[in-house]
Amino acid sequence: MASENDRYRGLLVDWGGVLTSDVFASFRAFCEPDTIGRRFREDADCRELLIAFETGAVPEDEFELQFAPLLGVSAAGLIDRLFAESWPDDEMVAAVRRARSAGVRTGLVSNSWGTRRYPREVLAELFDGVVISGEVGMRKPAPEIYELGAERIGLEPGACVFVDDLPFNLTPAADLGMATVHHQTAGETIGELERLLGVTLR
């Protein structure tokens, strides 16, 4: 199978919503539909709190204490409760594993809600490089985090494919010359990755 112009040799992927089930579905199961999304869209202070949390400037317990009153819930274990209905997408995880086995350089570029929940043994198995926002002090959609993702897998951005479930996170990657895939379903994403990378992933 030939890749798209034999150009793409690296695969960078998001975690939540790409290698896991839809995180927003988990949020909706926790509280009224779109409550959390609306807070981040409409409340500038709430959005600044999220940015500080995702970049590691605000610790997890402090985020929970500040965010819980905005939702009208208790702070104890809030993040675990928010993500309680999120689980690994086995089909996507297997596809990344197959890509790496086929010689594709693989990397994670993830905006984090705390850093302790990532399954580190799985990350080591799946990825040549890992970029987690709370550990590097920057977050998507800052162009620098995509550049760092490419650097950590030893490639130029233009040799990489980037996958994310949020369209606004794709634009900076495309501006850097990456091919981008908007993840909606595993089947669609894997088919597009097979075309771009020239490897069989299922």
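Within the stretch 25-39, residues that are under 17 Å from residue 166 (Cα atoms) have Cβ atoms under 8 Å from residues that are acidic (Asp, Glu) and surrounded by fewer than 17 Cβ atoms within 10 Å (Cβ to Cβ) in these pairs: 25/85; 26/85; 28/34, counting only partners at least 6 apart in sequence or on another chain. Only a single item in (1) open to solvent by 70 Å² or more (accessible area, probe 1.4 Å); (2) modelled with pLDDT of 95 or more is not met by residue 39, and it is number (2).
Just one of the listed residues (84, 52, 68) is more than 30 Å from residue 178 (Cβ to Cβ), open to solvent by less than 70 Å² (accessible area, probe 1.4 Å) and free of Cβ contacts under 8 Å to residues at least 12 places away in the same chain, namely 68.
Selection within the stretch 185-199: residues that are of a type in the set (Gly, Ala, Ser) and open to solvent by 20 Å² or more (accessible area, probe 1.4 Å). The member of this set that is nearest to residue 7 (Cα to Cα) is 191. In the stretch 134-159, the residues that are over 15 Å from residue 14 (Cα atoms) form Cβ pairs under 7 Å with partners that are open to solvent by 40 Å² or more (accessible area, probe 1.4 Å) and part of a helix (DSSP H, G or I), at six or more places apart or across chains, as follows: 157/147.
Scanning the stretch 55-65 for residues that are surrounded by fewer than 18 Cβ atoms within 10 Å (Cβ to Cβ) and in contact with a Phe, Trp or Tyr (Cβ under 9 Å, 6 or more places away or on another chain) gives 59, 62.
The values are calculated or read from the model by the stated rules, or taken from the named source; none is laboratory data. Bear in mind the structure is a predicted one, so any value in this text is a computation, not a measurement. Every residue, glycine among them, receives a Cβ derived from its backbone with ideal geometry; neighbour counts consider all protein chains shown. Accessible surface is based on the protein model in full, side chains and every heavy atom, while ligands, DNA and RNA are left aside. Shrake-Rupley method; radii C 1.70, N 1.55, O 1.52, S 1.80 Å.
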